[in-house]
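S.K.: My questions will all concern the structure given below.
The values are calculated or read from the model by the stated rules, or taken from the named source; none is laboratory data. Remember, it's a predicted structure, so these values are computed and weren't measured experimentally. Note that each Cβ is placed from the backbone with ideal geometry, even for glycine, and that neighbours are counted across all protein chains shown. To get the accessible areas, we keep the full protein, side chains included, count just its heavy atoms, and leave off ligands, DNA and RNA. Shrake-Rupley method; radii C 1.70, N 1.55, O 1.52, S 1.80 Å.
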Amino acid sequence: AGARRAGAVQVDGKRFSPHLTLARARPESDVTALVEALSGFGGTTWEVRAVHLIRSHLGASVRYEPVAEYPLTAPAPDVRS
């Protein structure tokens, strides 16, 4: 509801399931060895400057469509005198 009020979601009658996709694999893929190999990986720090809303078109050929970008910048200071 919050995303809809912010204008981030089009109301087209389809069920919207907000999520963050980190990886995608076909159901028959066994990624156990990969998960185990990366189990100790801590990563590095990084700064998020924007959130991108992406529409997934799934099927025989998966396609991702950028829909919108939402900058995560701090608001400008109020400099009224």
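S.K.: Evaluate the following for R63: is it open to solvent by 100 Å² or more (accessible area, probe 1.4 Å), modelled with pLDDT of 90 or more and among the charged types (D, E, K, R)?
M.R.: Here the answer is yes, as R63 does meet what is asked.
S.K.: Going through the range 39-78 one residue at a time, which ones are in a loop (DSSP other than H, G, I, E, B) and in contact with a strand residue (DSSP E or B) (Cβ under 8 Å, 6 or more places away or on another chain)?
M.R.: R49, V62, L72
S.K.: Between a first residue in the range 19-38 that is outside any loop (DSSP other than H, G, I, E, B) and a second residue that is open to solvent by less than 100 Å² (accessible area, probe 1.4 Å) and of a type outside the set (S, T, N, Q), which pairs have beta carbons less than 6 Å apart while being 6 or more apart in sequence or on different chains?
M.R.: Going by the 6 Å Cβ cut-off, there are no qualifying pairs.
S.K.: Inspect the range 44-56 for any residue being over 16 Å from the mean Cα position of the chain (by Cα) and at pLDDT 85 or above and give the result as yes or no.
M.R.: Within the range 44-56, one or more residues are over 16 Å from the mean Cα position of the chain (by Cα) and at pLDDT 85 or above.
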